[in-house]
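S.K.: Below are the structure tokens for one structure; questions will follow.
The values are calculated or read from the model by the stated rules, or taken from the named source; none is laboratory data. The structure displayed is predicted, hence computed values, not measured ones. So basically every Cβ, Gly included, is an ideal-geometry build from the backbone, and we count neighbours across all protein chains shown. Just the protein is used for accessible areas: all its heavy atoms, side chains included, with ligands, DNA and RNA removed. Shrake-Rupley method; radii C 1.70, N 1.55, O 1.52, S 1.80 Å.
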Amino acid sequence: MADQLLPTTVVGSYPQPDWLVDRELLKTMVPRVRVHEMWRVKEPYLAQAQDDATILAIRDMERAGIDIITDGEQTRRHFVTTFIEGLDGVDFEHRKTVRIRNRYDADVPVVVGPVARRRAIYVEDAAFLRAETARRVKYTLPGPMTMVDTLHDAHYRSREKLAWAFAEILNEEARAIEAAGVDVIQFDEPAFNVYFDEVRDWGVRTLERAAQGLSCKTAVHICYGYGIKANVEWKKSLGSEWRQYEETFPLLARSRIDQVSLECANSRVPIDLIAILEGKVVLVGAIDVASDRVETPEDVAATLRRALQFAPATRVQACTNCGMVPLSREVTRGKLRALAAGAAMVRASL
């Protein structure tokens, strides 16, 4: 299995059950004012319920035929701020309104002092994932730049300085997660598709600092966002070709990051941009997470075949465009089955 061509994987998140979360709040995918609003199960039963939801997500991915799985991020209410809740130096009570990636406003926590990791944040979750499956596993963390873009900084007064502080914290966490036995650690950096000067000046370097010293595979996920209204509207404004990756791929090709995840399904990304990622494993997004339409295996196969014109099969994995948390579980199951079947079709033809 380890050397199988075109292994299948997911970006990270999986829909949480309705009995665990208020999905109407969750669909906004912005940091909420009150942490407790989203969870339907309260203490002291919340951790047990999250473990149960994680097992369901793992089993769904296994049954669908996904080769490299995640925990579905079932313990997280937000892909960035849940991690930040484990840090010192951040005030969640007195929030500020900021513009997130130049698309929408959100009430976010405020950095009021030096940020520091006071405890392991996701290490127990990563160990739980490792113990619950025999398949290869990936664990996801927010990237330094995207963390900076999801806060108001009243202490460092410098996006770069704050990013370097976050990179060191992320590296501490990533090393502990690696020790739990994961095969891949992925950093989510959707901000890389927006702040190109910062990506060039310090974004890639802080990402490399976050991944420094890791022996497991490292990945970065860059995309055009979850299928929420703000992201869908932004994509409509990008014209007939989405060439944002053209700014970041040359930098990532020279970086020490092993894998790059990108959005290809039902997008206007020129597929030949994959050729820029010479030497990297490319996680080709072959599932559209902004639509409830379930792809056919033939749809997935067509996307993968286009990608294979610009990267060899030994450097391609079949993936989703982004996380799937806003979708229904029924739709998600269908999409993952199509992903596995489509990859198998192409694999059989190679």
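S.K.: For region 201-210, just list the computed ³J(HN,Hα) in residue order, Karplus coefficients 6.51, -1.76 and 1.60, θ = phi - 60°, integers in Hz, with x standing in for Gly and Pro.
M.R.: After applying 6.51 cos²θ - 1.76 cosθ + 1.60, I find 6, 8, x, 5, 5, 5, 4, 5, 5, 5 Hz.
S.K.: Kindly rank 249-259, 120-130, 141-151, 283-293 from highest to lowest mean number of other beta carbons found within 10 Å of each residue.
M.R.: With the highest mean Cβ count within 10 Å placed first, the list reads 141-151, 283-293, 120-130, 249-259.
S.K.: Within the set Lys42/Lys236; Lys96/Lys217; Lys42/Lys335; Lys236/Lys335, which residue pairs have Cα atoms separated by over 28 Å?
M.R.: Too far apart for the 28 Å limit: Lys42/Lys236; Lys96/Lys217; Lys42/Lys335.
S.K.: Could you tell me which of rounded, prolate or oblate describes region 222-313, using a ≥ b ≥ c as the square roots of the eigenvalues of the alpha-carbon gyration tensor, with rounded for a/c under 1.5 and, failing that, prolate when a/b is larger than b/c and oblate otherwise?
M.R.: In terms of gyration-tensor shape, oblate.
S.K.: Can I ask one more? I'd like the antiparallel share, as a percent to the nearest 5, of DSSP beta bridges with both residues in the chain.
M.R.: Percentage antiparallel, nearest 5: 25.
S.K.: If you don't mind, another one. Tally up the carbon and sulfur contribution to the accessible surface of region 190-250 as a whole percent, 1.4 Å probe, everything protein left in place.
M.R.: Answer for region 190-250 is 44 percent, counting heavy atoms of protein chains only.
S.K.: Turning to a different aspect of this structure: Which three semi-axes in whole Å describe the equivalent ellipsoid of region 125-171, each the square root of 5 times a Cα gyration tensor eigenvalue, listed largest first?
M.R.: 31, 9, 8
S.K.: Please state the relative contact order of the chain as a whole percent: Cα pairs under 8 Å, 6+ residues apart?
M.R.: Once normalised by length, the contact order is 20 percent.
S.K.: Among the lysines, which fall within straight-line cross-link reach of Lys229, defined as a Cα-Cα distance under 17 Å, with same-chain neighbours fewer than 8 residues apart omitted?
M.R.: Lys27
S.K.: Beyond 14 Å, what percent of the Cα pairs of region 195-273 remain?
M.R.: Considering region 195-273, 66 percent of its Cα-Cα pairs are separated by more than 14 Å.
S.K.: Between Tyr45 and Arg118, what is the FRET efficiency for a Förster distance of 25 Å, r being their Cβ-Cβ separation, to the nearest 0.05?
M.R.: With a Förster radius of 25 Å, E is 0.50.
S.K.: With every protein chain present, what is the per residue accessible area of region 114-253 (1.4 Å probe, Å²)?
M.R.: On a per-residue basis, region 114-253 sits at 38 Å².
S.K.: A further question follows. Kirkwood Rh over alpha-carbon pairs of region 147-196, then Stokes-Einstein at 20 °C and 1.002 mPa s: what D in µm² s⁻¹, rounded to an integer?
M.R.: For these conditions, the coefficient is 171 µm²/s.
S.K.: What does the helix-only formula give at 222 nm for the chain: each DSSP H stretch with n ≥ 4 adding -39500 (n - 2.57), the total divided by the residues, and the result rounded to the nearest 500 deg cm²/dmol?
M.R.: -10000 deg cm²/dmol
S.K.: Can you tell which of His155, His221, His94 shows the greatest fluctuation in a Gaussian network model of the chain with Cα springs below 10 Å?
M.R.: Between His155, His221, His94, it is His94 that shows the largest mean-square fluctuation.
S.K.: Please report, for the Cα atoms of the chain, the Rg to one decimal and the Dmax as a whole number; what are they, in angstrom?
M.R.: Cα radius of gyration and Dmax of the chain are 18.7, 57 Å respectively.
S.K.: Next up: Based on the Kirkwood radius over alpha-carbon pairs, what is the Stokes-Einstein translational diffusion coefficient of region 285-324 at 25 °C with 0.890 mPa s viscosity, in µm²/s?
M.R.: 229 µm²/s
S.K.: With a/c under 1.5 counting as rounded, go ahead and sort region 67-152 into rounded, prolate or oblate using the C-alpha gyration tensor (a ≥ b ≥ c being the square roots of the eigenvalues; past the cut-off, prolate if a/b is larger than b/c, else oblate).
M.R.: prolate
S.K.: Per the Kirkwood formula on distinct C-alpha pairs, the Rh of region 183-238 is how many angstrom?
M.R.: Hydrodynamic radius (Kirkwood, Cα pairs) of region 183-238 is 12.7 Å.
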